[in-house]
Amino acid sequence: MKKNEPLKKLRILFADDEAPLQDVMSLELPRMGHEVTVCPDGHTAAAALDLNTYDCMIVDLDMPGLNGIEVITHAKKLAPDTEAIVLTGKSSLDTAIAALRQGAFDYLTKPCKLIELQSLLSRVADKRELSNKYRALKRQLERVEGETRLVGNGGSMDRVRKLIDRVAPTQSTVLIRGETGSGKELVARAVHEQSLRGEMPFVAVNCGALPETLIESELFGHRKGAFTGAEEHRVGLFEMAHGGTIFLDEIGELPKAMQAKLLRVLESGEIRRVGDNESFEVDVRAVCATHRDLEEMVHEGDFREDLMFRINTFEIEVPPLRERLDDVADLATHLFHRFRPTNRPSHALFTADAIDALKSHVWPGNVRELANVIEHASILCDEPPITAADLPRRFDSRQLRPDIKSLGPMTLRELELVAVHQALDRHDGSKPAAAEELGVSVKTLYNKLNQADLLNKSA
């Protein structure tokens with residue numbers, strides 16, 4: 001795939017009652033690189049629209065049964081994104097103009113030249129590409145994302161950069177491993193931006209945040225009426241990422257049934273919207289990430305081994321922040337400028353005691369936790385430099401990196417409970433936030449707390 005090369009392949013419905021024209025389009029549209037379904041009249045076209053979705057339809061205005069305008073009206077109710085090109089005789093230009101008012105993309109007069117049709121279809125494909133880019137950009141803005149920049153000069157981050165440089169220009173699937181909050185999505189963005197797909201959509205989705213009943217619809221889309229609540233046609237995230245990259249974060253959280261469907265898509269390059277009868281091709285590169293031990297999940301029967309092999313073509317391990325404390329000062333400076341972009345003083349942004357406090361922390365929440373800390377400090381501090389007093393309460397000198405030895409002998413379960421309570425303290429008692437930092441589900445966190453109650457009662 002060449003950079004900036006437009007994606008021209010379309011799923012087309014062609015409807016005309018002239019048999020010779022049907023035969024011509026059955027041959028010529030596939031030669032142009034498109035998929036085509038040919039219908040001999042309006043009723044057949046409407047029935048096809050009820051079963052499947054199409055990028056574009058080419059319809060004759062004068063057909064037995066339903067005419068072209070009626071077919072277009074029917075299609076727009078089902079799938080507003082479907083573009084329509086109408087075929088008309090010279091004597092029916094007024095009708096063609098009426099079709100444009102009904103939402104048709106353009107019209108051609110019979111007999112039409114194939115080169116004119118090809119040009120029109122190219123415009124339809126360009127519009128579709130721009131629509132996907134718009135949807136992806138809108139999704140990115142909703143996530144309030146910052147600048148894609150990997151901060152850090154240590155050996156571990158240099159290795160990450162080298163791996164990105166190696167794999168980005170390829171089409172290989174990438175698996176990014178690392179703890180929650182360590183910056184896996186930033187690495188995925190770097191892979192995308194340095195690839196040949198860099199100017200195409202980047203669509204990020206947190207698999208663990210999708211309701212189980214809606215995962216398939218979110219990833220692959222659905223057509224109107226496919227299930228209760230499906231009131232309109234919806235483009236899925238894979239289709240939105242067409243030509244670009246889809247980032248499947250926390251892929252270890254996918255249910256087993258969905259893992260099988262994802263494997264099929266990755267193997268075949270084809271998706272099928274919920275409610276559709278036919279599949280269609282998408283050109284998408286998958287980059288996946290997880291904080292889970294997939295090998296252990298495979299052993300426990302919670303993750304498909306064939307899917308693990310499919311997504312793990314090339315692996316990048318993102319180091320936790322506690323293993324790159326020398327980068328904390330640079331990261332803190334970078335994050336401060338994100339929260340206060342207009343404030344770039346020439347003097348130091350942090351006092352020595354603030355940096356010492358940051359470097360003495362164990363950072364269970366990694367870079368995400370550091371970002372929250374710097375945002376807190378940037379709000380509290382009127383003007384730099386930020387001091388240790390501007391940091392959250394947990395950075396009090398009495399709480400800096402506790403010496404586990406000073407706590408005395410402890411069982412593994414007791415150490416777990418210490419980590420749980422420390423996480424709850426850091427997040428003012430918020431169990432969902434503490435669970436996310438610890439890399440467990442909220443249900444698991446409650447189980448740990450219940451264990452603590454049992455221990456206290458038995459003591």
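One residue stands out in the stretch 403-457 among those that are small (Gly, Ala, Ser) and loosely packed, with under 10 Cβ neighbours inside 10 Å: the one that is modelled with the lowest pLDDT, namely Ser406.
Okay, residues lined up against (1) assigned to a helix (DSSP H, G or I); (2) more than 28 Å from the chain's Cα centre (by Cα); (3) among the polar types (S, T, N, Q):
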| position | (1), (2), (3) |
| --- | --- |
| Val298 | yes, no, no |
| Phe303 | no, no, no |
| Met308 | yes, no, no |
| Glu315 | no, no, no |
| Asp326 | yes, yes, no |
| Glu375 | yes, no, no |
| Glu383 | no, yes, no |
| Arg394 | yes, yes, no |
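For the stretch 358-369, the set of residues classified as over 12 Å from Leu325 (Cβ atoms) and among the small types (Gly, Ala, Ser) consists of Gly365 only. Counting only residues that are in contact with a Pro (Cβ under 9 Å, 6 or more places away or on another chain) and over 16 Å from Thr82 (Cβ atoms), which one in the stretch 41-62 is surrounded by the most Cβ atoms within 10 Å (Cβ to Cβ)? Among residues in the stretch 41-62 that are in contact with a Pro (Cβ under 9 Å, 6 or more places away or on another chain) and over 16 Å from Thr82 (Cβ atoms), the one surrounded by the most Cβ atoms within 10 Å (Cβ to Cβ) is Asp41. Are any of the residues in the stretch 207-215 modelled with pLDDT under 95, more than 30 Å from Pro80 (Cβ to Cβ), in a loop (DSSP other than H, G, I, E, B) and under 19 Å from the mean Cα position of the chain (by Cα)? Among the residues of the stretch 207-215, not one is modelled with pLDDT under 95, more than 30 Å from Pro80 (Cβ to Cβ), in a loop (DSSP other than H, G, I, E, B) and under 19 Å from the mean Cα position of the chain (by Cα), which makes the answer no.
In the stretch 264-281, the qualifying residues are those that are more than 16 Å from Ser217 (Cα to Cα) and under 17 Å from the mean Cα position of the chain (by Cα), and the one that is surrounded by the fewest Cβ atoms within 10 Å (Cβ to Cβ) is Gly269. Scanning the stretch 233-264 for residues that are β-branched (Val, Ile, Thr) and touching a Ser or Thr at 6+ places or on another chain (Cβ under 9 Å) gives Val235, Thr245, Ile251.
Candidates are the residues of the stretch 153-190 that are surrounded by fewer than 18 Cβ atoms within 10 Å (Cβ to Cβ) and small (Gly, Ala, Ser); the one that is modelled with the highest pLDDT is Ser172. Summed over the stretch 272-296, the residues that are charged (D, E, K, R), out of contact with any Gly (no Cβ under 6 Å at 6 or more places or on another chain) and not in a strand (DSSP E or B) give a count of 6.
The values are calculated or read from the model by the stated rules, or taken from the named source; none is laboratory data. Just so it is clear, the structure is predicted and the values come from calculations on it, not from any experiment. We place every Cβ from the backbone using ideal geometry, glycine too, and count neighbours over all the protein chains shown.
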